[in-house]
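A.B. asks: Let me begin by handing over the structure; questions about it come next.
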Amino acid sequence: MRFVKIAFAVVIMGVFVFGNVQAREDGQSGGEGSSTAIVYTFFLNIAVEPFMFPLIGFVNIHRGNHTLPQIGFVNWNTGNFSTQQLGFVNTIGGDLNGAQAGFVNTAAGNTSGAQIGFVNTGASFSGAQVGFVNTAVRESRGLQLGFVNTAAEALSGTQIGFINFVDNIEDGIPIGFISIVRRGGFMAVEYSFSEFSIFNVGLKSGVERFYTTVFVSYNAVDEFATRHFALGVGIGTLIPITDLFFLSPELNNMSAFINGDNRQYLSFVPYFGFNLNNRFSIAIAPSVTWARGNDDSPLQSPSFSIAEHTIDRRNSIVFGARAALRFRFFMY
């Protein structure tokens, strides 16, 4: 009860001291004469430009440009903002030249600085967005680090996340589990066979200079069983030599962990490829694989190999060969 009385007294004092302060006269601007009051109660703070004090309270609202921090649960600035907003929900109606840190951060104008939160949204962005979902409404010229990253118009920076989406690549690289680039990107479906798995189907996505691969493998050594399946991921780059020939070195890791198995196969494959047309290509390469097992999952012998070297009962090096057929998507 005592706390409630103190809080009520603070609110009344704030309204009494600041509530009747005339902040701006608009009559000289040619419009109708009006005045806007400042409210500073440490719970609800409302100010207009110019206001040369930080806004610290549960809800902070500032009309116009502001150059001092806003710290609260909800922070809202209607104009340009050039300092820090710290709260649960942070919103800027103009340009941001500073930082926002909170659960949801939004800047309607151009952004130069940082947004750190669960959901971050900006227009043209130069700086860093770090969160679960990061969105640049127009162009991203900095770093987007999160689970889902999007640049609706162009990317000239870096995206690192589980899923990346870019409309157009200018001078940037998306790095993720799946990266979709609508214009200027690389996406292909591949069927391949290797010394450890006869059937491999993968999805490649990203850009030619850096793409990722997600694939599933099946080695039909006897009856159909889940223990013959494996999942894998990889990274690679596509280097054109001529219109017909290309190099495509890749580093892949396949994990046979289904049914309690824990075998790992880390492979380097320097593919040499030939374009049959603008969509289909074939590629072949030697390969070197580091096969790893454990006591519960002994090493699997390859279906074929060029050479093998057993390090111990859990590790071996296998030299083999790969071949692949690719179908490339064009999304524009």
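A.B. asks: Hey, can you tell me all the residues within region 22-59 that are of a type in the set (Phe, Trp, Tyr) and modelled with pLDDT under 80?
C.D. replies: Within region 22-59, 40, 42 qualify.
A.B. asks: State whether one or more residues within region 149-160 are closer than 20 Å to residue 81 by Cα and either under 9 Å from the mean Cα position of the chain (by Cα) or assigned by TED's automatic domain parsing to the domain that holds residue 67 (or both).
C.D. replies: no
Yes/no per residue for (1) within 16 Å of residue 99 (Cα to Cα); (2) part of a loop (DSSP other than H, G, I, E, B); (3) in the same structural domain as residue 117 (by TED's automatic domain parsing):
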residue	(1), (2), (3)
42	no, yes, yes
47	no, no, yes
50	no, yes, yes
68	yes, yes, yes
76	yes, no, yes
79	yes, yes, yes
85	yes, no, yes
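A.B. asks: Does region 298-307 contain at least one residue that is part of a strand (DSSP E or B), farther than 17 Å from residue 229 by Cβ, assigned by TED's automatic domain parsing to the domain that holds residue 210 and at pLDDT 80 or above?
C.D. replies: Yes; the residues of region 298-307 include at least one that is part of a strand (DSSP E or B), farther than 17 Å from residue 229 by Cβ, assigned by TED's automatic domain parsing to the domain that holds residue 210 and at pLDDT 80 or above.
A.B. asks: Show the residue pairs that are 6+ apart or on different chains and have beta-carbon atoms under 6 Å apart, the first residue being within region 238-253 and part of a strand (DSSP E or B), the second being polar (S, T, N, Q).
C.D. replies: Going by the 6 Å Cβ cut-off, the qualifying pairs are 252/267.
A.B. asks: For region 94-109, which positions are in a loop (DSSP other than H, G, I, E, B), within 20 Å of residue 138 (Cα to Cα) and in contact with a Phe, Trp or Tyr (Cβ under 8 Å, 6 or more places away or on another chain)?
C.D. replies: Result: 94, 95, 97, 98.
The values are calculated or read from the model by the stated rules, or taken from the named source; none is laboratory data. None of the values given here were measured: they were computed from a predicted structure. All Cβ positions, glycine included, derive from the backbone under ideal geometry; neighbour counts span all protein chains shown.
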